[in-house]
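> Below are the C-alpha cells for one structure; questions will follow.
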Amino acid sequence: MHRLVSAVIPMLAALAAFACAAIILLALGANPFEGFRAMYTGAFGSVDRLSATAVRAVPLVLVGAGISISFRASVINIGGEGQIIAGALLSTVTALALPGLPPIILIPLVLFAGLVGGGIWGAVPGVLKAYASVNEILSTIMLNIVAVQFMNYMLRSPLIDPLEIERGTRIPQTERLSDNAALPTLISGTRFNLGVPVAVAAAVGAYFLLWRTPLGFRLRAVGHSPDAARAAGIPVERSVVSALALSGSLAGLAGAILVFGSEGQRMITDGSSAGFTGSAGFNGIVAALFGGLHPLWTIPSAYLFGGLITGANHLQRVLQVPAALAVTLNGIVVIFVVSSSKVRDRIGAILKARREFDHPANESTSSPPAEEVAAT
Amino acid sequence: MSDFFTATVLFSTLAAGIRLSTPFLFAGLGEMIGQKSGVLNLGVEGVMLLSAFFAYWTALSTGSLWLAVLVGMLVGLLMGVVYGLITVVFHAEQGISGIGIFLFGLGFSDLMFQENVGTPKFTSKLPSVDIPLLSDIPHVGVAFFQHSAMTYTAFVMVPLVMILLRRTTFGTNIRAVGENPESADSLGVSVARMRFSAIVIGNTLAGVAGTALVLELGIFQPNLTAGRGFIAIALVYFGAWRAPGVMAGALLYGLVEATVITWKALGIIPRSLSDISAMAPAVITIGALVILARRVKPPAALTQPFSRH
Amino acid sequence: MRNKNRSRRFKLLRFVAAVMALGLLASACGDDSDDGEATGTTAPATTAPATTAAAETPLKIALVAPSASDDLAFTQSMVDAINALSDPVDLSITDGTFVIEDAAAAIRGYAEAGNEIVVAHGTQFGASLAEIAPDFPEVTFLWGTSTDTQGLANVFAYSPDAAEGGYVNGVVAAAISASGSIGVVGPIEAGDAVTYITGFNNGALANGATDVSITYTGSFGDVALAAEAATALIINGADVLTGSAQMVVGAVGVASDEGVPWFGTQANQTSLDPSLVVASQVYHWEVILEEMIDQREAGVLGGEAFEINLANGGLEIEFNDGFDLSADARAAGDAAIAGIIDGSIDPNG
C-alpha cells in the first residue's frame, strides 16, 4: 500500500502541475496536449534534443554538486551566479593570454582557471563568515551584484574586443577566443560537448570528496555539529572556508564551460547575470535540493530540470505563446513537485505508522542549525 | 559640478535614498517576521513582482490607487497562503519552494503584463503627502517630509513590528516556534498556525513592497524589481532579525545607491567608473557588517520543518 | 535546507518515471500531425529559396529577440518592420529571450523548422550565430545590431547609425533648453546606447548647450534607478532629458512629473507622455529588410552589412505635434537632418 502511494503521489503532483499549466495554456488560446507533447519532444525527443538538454543541464549539475558540498557543511551558498561569472572571467583572461597553447594543454588550463576563479569568489564569503561573522546568505547575494558589475566593467573596458572600439560599435564582448580552448563536440551534429562528461566527473568527484576523503568527513562533521566538530579538533573556520571555496569552484567551472562550450566561443554581457548564466546559480540550488544534496543524485535531477527548460522553450516556439510562459511553468513544476514529496511522506507515515519504530529519531530535526558556525 | 556639496543636492540625495529604501524596508520586515517563525522565504522577489504587476494593472484599469494598494496587498496575502500551504502544511523544502515561487512570480507577472497590457504606459503615481509645517522646513522638509504615504508607512511599520514581536503573545509565540518548536508545541502553541500566520504577514509585506515600488514609478516592466527582493533577504541578516536593524540596512543600501547615482549625475564619479561605483551599495553593506562584527544567532529552527512525532 | 533522509533518491527516481510516463501519455494524446517545429523540414520550398511560388506562399520568418515584442524600443522596432513588409509573411516570434544559450537554441530550432529567414535580433546572439549559420546554408540569417557579417555567406548584418538621430535630438534639445544644461540617462556604457548618446552629446554641444551630463545607471532593467538618475539630473539643473534602453521609462516618468521635455530613441515614445515627448528617433528596419529579401530571392543569401540612416529613410525623427516646439528649434532640427544627409555634418565628430 505504501509503495503504491509512493508511486502515485509524484504522479499526482506532476499531473496537478500539468493541470495548472494546461489552464494557463488554454487561457492563452493554445492546445495543452500539443503543448505537453512539444515540451516532451523538445526536451527528450531526439538525440539532438537529449544533447541540448544535457548541455543546458551542465551548469545545473556543477552548481548543484557545489551546493551539495556547502549545504552538507551547513553553509548556504546563494552566490552561484557571481561564482559562475568569476570563473568565466578568469578562464577568459587565461585564454586571451595564452591563445597559442595546444588544446591538450589549453582546455584543461581554462577549465582549471574557471575552478580557481569561482573558488576565489566562493572563498570570500567563506572568510567573511568564518572570521568576521558575516552571514553567508547576505554576502553571497551582495557578491552576485558585485560580480555582475565587475563583468560589465571588464567586458566593456579592459577585455573588450579591439574591433569593437575600432568600429565604434562598443559591444561589450571579448574577441573570439582561441579555438584551441574550445570544448570539442563529442557527438557530431549535436551540441554534446566535452563539458558534459566534465560536469559528470566533477559531480562524481564531489561525491568522493564528501564521503571518501578526510576533508569531506570534516565538512560533514562541521555541518552536523560545529561544536562537536570543534571538540573533536576539527578546524571549523577553515572547513567553512573550504566548503564555500569548493562550492564556488564548481560554479566557476560551470562558468568556464559556458564560455568555451558555448556556440559563441567568447564572453559577452547583456548587462545582467541571468543573460549569461541562465540563472543557473539559483536553479542549481533546486537541482541540488531535489537530488537530496547528494552530488550523484544531482546529475539526474539537473538533467530533468534542464529538460524542463529546453522543453518549455520548445513549447514556446511551437505554440507561439509568450516566452515568459516557460519560466512560469518552471516555477509551477518546482512548487508542485517539492510539495508532493512531503505529502507522500505524510500519507506514507499514516499508512505505515510502524515505520517510526524501525527508524531512529530523525537526525535533522535534532541537529543544531546551520548558522551556529557563524556564532562560534 | 561645483555645487555638489550644496544643501539642495545633499538633502535631495537623502530623499532619494529614503525613496529607494522603502521597498527594501517593507520586504525586509516581512522576511524577518517569517524567519522569526523559522521559515526562510527565498521567493520574496517573485511575490514583489506579482503584487507590483497586479497593483499596476488595477491602477491602470480602475484609476484608483487605493484599490491598487489593496490588490497589491491581497496578492501578497494570497501568495502567503500558497507559501504557507507549501512549507507548513506540505512541509516542503523551503529553499526549493522559495525559488519555485521566485520563478513563478518572475514568469507569471511578465506573462500577465504581455497579455493584458503589452506596451508600457503610465498610471497615476502615489502622490507626495506633505506633512504640515514640517515639510516647509528648508531642505529638511524635502528630505524627510515630502514622501508618499507608502514611505511613511514603511517607517511606521518598524516600531509596530517591534511591538508585535516583543510585546504581544502572538509575537512571543512566533519567536518561540522559530527558536524551539518542540517546546512551543509541548506548551500548547500550534507551530503550524504560528508559522502560517507569520508567512502570510511576511508575504503581504513583500506584496506591499512591490506595490510601493510600482506605484512610486507609475509604470511596470518585466522584472521591475531588478533583484530588490533578494537584497531584502540579505538585509534581514544585516539587521540581525531586529526591526531597527533591518531599517538601518535598508537605509544604508538605499542611501549609498542614491549617493552613487547622484554623484554620477553631477559628474563627480567619472563615466569610466560607472559600473565599479555601482558595486558600492553591496560592498559597503558587507563592509559595515565586518566592522560591526555582530555575532547574532538566527532563529534556531530556521528552515527546519516541524511535525509531531 | 538540511540533510534529507536517504529515501529521497527513490523519490527522484519515481518522479523521473512519472514525468516520462506523463510525457509519453501527452505525446500519445497530442495531435497526430507532426511536431509544429519540424513540419517545415520536409517541405521542399526550403531547399529552393528563389522560386516563383514565393509570391503566393507567405515568407516564413522567425524572430528571436531579447526583450518583449511590444517594448516600445528595440524589439518592437523589428516586429513593426516585419509586419510592414509588402510581401505576405508568416512570422514566428521568440521574444524576451535574454538568456544567450536559450536564444541560440531558438535560432537553431527555427532554422531546423524550415523558416526561410531567421532574425537574431540581439548583438549578443552574434557569437552563437557564427556557429549556427554554416549548418543551415539554405537559411538566411539576419543579425543586428552589427556592422559586419563575420564573413558568413548566409548572414545579413544590420545596424542603425543611432548617432545621426542622437545628433538631431541633441540639436533640438539644445535649442529648447533655457539653462543650456541637458541630462542623459543610459544603461551601461556599451553598444547602441553609446552610439546614440555620443551623437546626442555632439549635437547638443554644437548648438550651444553648455553642459551635457551623462549618467549610466549600470543596469538595463532597473527602472527605479533610472528614475532617481533623472531626478538627480534635474536637481543639477538639466531642463531637457533623453535616454536609451528599456529602463528609461523610469526617467520619462520623472520628466513627466517635473514638466521636463523628453527625447526618445528606438521607437516613438510619444505615447508615454503626449505633451512632453518632443521627438523620437524611430528605426524603420523595413527599408533594409526589403532589400535583403530581394537579394535572397535573387539567390544571394547573405554576406552584406546594411545600415539604416537618415539618408535611406531607415532612421526617422518623428516630431510630436502635441509638443509646442518653436519654429526655430524645429528648423535647427531639420537643418541638422539635411546636413547629416548631405554629409556636411558628422554626428560622430
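> Inspect the stretch A:171-190 for any residue being farther than 30 Å from A:P300 by Cα, away from every other protein chain (no Cβ under 12 Å) and either among the small types (G, A, S) or surrounded by fewer than 20 Cβ atoms within 10 Å (Cβ to Cβ) (or both) and give the result as yes or no. Let's see the steps before the verdict.
Here is the first cut: in the stretch A:171-190, the residues farther than 30 Å from A:P300 by Cα are A:171-180.
Imposing the further condition that a residue be away from every other protein chain (no Cβ under 12 Å) reduces the set to A:178, A:180.
From what is left, the residues that are either among the small types (G, A, S) or surrounded by fewer than 20 Cβ atoms within 10 Å (Cβ to Cβ) (or both) are A:178, A:180.
Within the stretch A:171-190, one or more residues are farther than 30 Å from A:P300 by Cα, away from every other protein chain (no Cβ under 12 Å) and either among the small types (G, A, S) or surrounded by fewer than 20 Cβ atoms within 10 Å (Cβ to Cβ) (or both).
> Given the criterion free of Cβ contacts under 8 Å to residues at least 60 places away in the same chain, buried (at least 17 other Cβ atoms within 10 Å of the Cβ) and more than 16 Å from B:K36 (Cα to Cα), identify the matching residue among B:F155, B:F145. Walk me through it before giving the result.
Working: B:F155 fails: free of Cβ contacts under 8 Å to residues at least 60 places away in the same chain.
Just a single option satisfies the conditions, and that option is B:F145.
> Right, something else. Of everything in the stretch B:55-79, what is surrounded by fewer than 21 Cβ atoms within 10 Å (Cβ to Cβ) and within 19 Å of B:G202 (Cα to Cα)? Give them in sequence order.
Those that are surrounded by fewer than 21 Cβ atoms within 10 Å (Cβ to Cβ) and within 19 Å of B:G202 (Cα to Cα): B:L70, B:M73, B:L74, B:L77, B:L78.
> Please tell me if A:V93 is among the β-branched types (V, I, T) and facing another protein chain (nearest Cβ under 10 Å).
Values: among the β-branched types (V, I, T): yes; facing another protein chain (nearest Cβ under 10 Å): no.
Judged against the criteria, A:V93 is not a match.
> Something else now. Which of the helices (runs of 4 or more DSSP H) found entirely inside the stretch A:235-341 contain at least 2 residues meeting this: among the hydroxyl-bearing types (S, T, Y), over 30 Å from C:A190 (Cβ atoms) and more than 12 Å from the chain's Cα centre (by Cα)?
By residue number, A:236-260.
> Taking the conditions exactly as written (in a strand (DSSP E or B) and either at the interface with chain B (Cβ under 7 Å from one of its Cβ atoms) or open to solvent by less than 10 Å² (accessible area, probe 1.4 Å) (or both)), does C:I214 satisfy them or not?
For C:I214, the condition - in a strand (DSSP E or B) and either at the interface with chain B (Cβ under 7 Å from one of its Cβ atoms) or open to solvent by less than 10 Å² (accessible area, probe 1.4 Å) (or both) - is met.
> Still on this model: From the list C:A238, C:A232, which residue is part of a loop (DSSP other than H, G, I, E, B) and at pLDDT 95 or above? Break it down stepwise before answering.
Working: C:A232 fails: part of a loop (DSSP other than H, G, I, E, B).
Among C:A238, C:A232, only C:A238 is part of a loop (DSSP other than H, G, I, E, B) and at pLDDT 95 or above.
> Another question, if that's okay. Check off (1) assigned to a helix (DSSP H, G or I); (2) among the aliphatic types (A, V, I, L, M); (3) touching a residue at least 60 places away in the same chain (Cβ under 8 Å); (4) open to solvent by less than 20 Å² (accessible area, probe 1.4 Å) for C:A193 and give me the number that stays unchecked.
(3)
> Is it the case that the stretch C:149-164 has a residue that's open to solvent by 10 Å² or more (accessible area, probe 1.4 Å), within 13 Å of another protein chain (Cβ to nearest Cβ), assigned to a helix (DSSP H, G or I) and modelled with pLDDT under 95?
Taking every residue of the stretch C:149-164 in turn, none turns out to be open to solvent by 10 Å² or more (accessible area, probe 1.4 Å), within 13 Å of another protein chain (Cβ to nearest Cβ), assigned to a helix (DSSP H, G or I) and modelled with pLDDT under 95.
Let's see how each residue does on (1) among the charged types (D, E, K, R); (2) open to solvent by 10 Å² or more (accessible area, probe 1.4 Å); (3) over 20 Å from A:A287 (Cβ atoms); (4) at pLDDT 90 or above:
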site	(1), (2), (3), (4)
A:H2	no, yes, yes, no
A:V5	no, yes, yes, no
A:V8	no, yes, yes, no
A:L15	no, yes, yes, no
A:L28	no, yes, yes, yes
A:E34	yes, yes, yes, yes
A:T41	no, yes, yes, yes
A:R56	yes, yes, no, yes
A:P59	no, no, no, yes
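> Can you tell me which residue among C:G259, C:G203, C:G237, C:G221 is open to solvent by 10 Å² or more (accessible area, probe 1.4 Å) and away from every other protein chain (no Cβ under 11 Å)? Step through it out loud before you land on a result.
Working: C:G203 fails: open to solvent by 10 Å² or more (accessible area, probe 1.4 Å); C:G237 fails: away from every other protein chain (no Cβ under 11 Å); C:G221 fails: away from every other protein chain (no Cβ under 11 Å).
Going through C:G259, C:G203, C:G237, C:G221 in turn, just one is open to solvent by 10 Å² or more (accessible area, probe 1.4 Å) and away from every other protein chain (no Cβ under 11 Å): C:G259.
Matching residues to (1) open to solvent by 60 Å² or more (accessible area, probe 1.4 Å); (2) touching a helix residue (DSSP H, G or I) at 6+ places or on another chain (Cβ under 7 Å); (3) away from chain A (no Cβ under 12 Å):
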position: B:A92; (1), (2), (3): no, yes, no
position: B:D110; (1), (2), (3): no, yes, no
position: B:N116; (1), (2), (3): yes, yes, no
position: B:P120; (1), (2), (3): no, yes, yes
position: B:K125; (1), (2), (3): no, yes, yes
position: B:S135; (1), (2), (3): no, yes, yes
position: B:M150; (1), (2), (3): no, yes, yes
position: B:I163; (1), (2), (3): yes, no, yes
position: B:R167; (1), (2), (3): yes, no, yes
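> Let me ask something additional. Based on this model, can you work out whether C:V252 counts as in contact with a Lys or Arg (Cβ under 6 Å, 6 or more places away or on another chain) and not assigned by TED's automatic domain parsing to the domain that holds C:S77?
Numbers: in contact with a Lys or Arg (Cβ under 6 Å, 6 or more places away or on another chain): no; not assigned by TED's automatic domain parsing to the domain that holds C:S77: yes.
Taking the combined requirement at face value, the residue does not satisfy it.
> Go through the stretch B:264-309 and give me each residue that's buried (at least 21 other Cβ atoms within 10 Å of the Cβ), of a type in the set (G, A, S) and at pLDDT below 90.
Once the filter is applied, which keeps residues that are buried (at least 21 other Cβ atoms within 10 Å of the Cβ), of a type in the set (G, A, S) and at pLDDT below 90, the stretch B:264-309 yields only B:A301.
> Let me ask something else. Considering B:L302, B:L273, B:L224, B:L213, which residue is on the phi < 0 side of the Ramachandran plot and under 12 Å from the mean Cα position of the chain (by Cα)?
Numbers: B:L302 fails: under 12 Å from the mean Cα position of the chain (by Cα); B:L273 fails: under 12 Å from the mean Cα position of the chain (by Cα); B:L224 fails: under 12 Å from the mean Cα position of the chain (by Cα).
One residue alone meets the criteria, B:L213.
> Further question: Do you know which residues across the stretch A:62-105 are open to solvent by 10 Å² or more (accessible area, probe 1.4 Å) and under 16 Å from the mean Cα position of the chain (by Cα)?
Once the filter is applied, which keeps residues that are open to solvent by 10 Å² or more (accessible area, probe 1.4 Å) and under 16 Å from the mean Cα position of the chain (by Cα), the stretch A:62-105 yields A:R72, A:I76, A:A86.
> Restricting to the stretch C:84-104, count the residues that are more than 7 Å from chain A (Cβ to nearest Cβ), of a type in the set (D, E) and in a loop (DSSP other than H, G, I, E, B).
1
> Out of the residues in the stretch C:240-255 that are at the interface with another protein chain (Cβ under 7 Å from one of its Cβ atoms) and more than 16 Å from B:I261 (Cβ to Cβ), state the one that is farthest from the chain's Cα centre (by Cα).
In this case the residue turns out to be C:V249.
> Which one of A:G306, A:G348, A:G311 is modelled with pLDDT under 90, open to solvent by less than 10 Å² (accessible area, probe 1.4 Å) and more than 11 Å from chain B (Cβ to nearest Cβ)? Give the derivation first.
On the way: A:G306 fails: modelled with pLDDT under 90; A:G311 fails: modelled with pLDDT under 90.
After ruling out the rest, the residue left standing is A:G348.
> While we're on this one: Only residues that are free of Cβ contacts under 8 Å to residues at least 12 places away in the same chain and outside any loop (DSSP other than H, G, I, E, B): list them for the stretch B:115-136, please.
B:E115, B:L134, B:S135, B:D136
> Is it true that some residue in the stretch B:232-244 is more than 14 Å from chain C (Cβ to nearest Cβ), out of contact with any Ser or Thr (no Cβ under 6 Å at 6 or more places or on another chain), open to solvent by 20 Å² or more (accessible area, probe 1.4 Å) and not in a helix (DSSP H, G or I)?
Within the stretch B:232-244 (the criterion being more than 14 Å from chain C (Cβ to nearest Cβ), out of contact with any Ser or Thr (no Cβ under 6 Å at 6 or more places or on another chain), open to solvent by 20 Å² or more (accessible area, probe 1.4 Å) and not in a helix (DSSP H, G or I)), the answer is yes, since at least one residue qualifies.
The values are calculated or read from the model by the stated rules, or taken from the named source; none is laboratory data. In this text the structure is predicted, and so the values were computed from the model without any measurement. Quick reminder, even Gly has a Cβ in these numbers, built from the backbone with ideal geometry, and neighbours come from all protein chains shown. Each accessible area value is taken on the protein alone, full model and side chains, heavy atoms only, with ligands, DNA and RNA left out. Shrake-Rupley method; radii C 1.70, N 1.55, O 1.52, S 1.80 Å.
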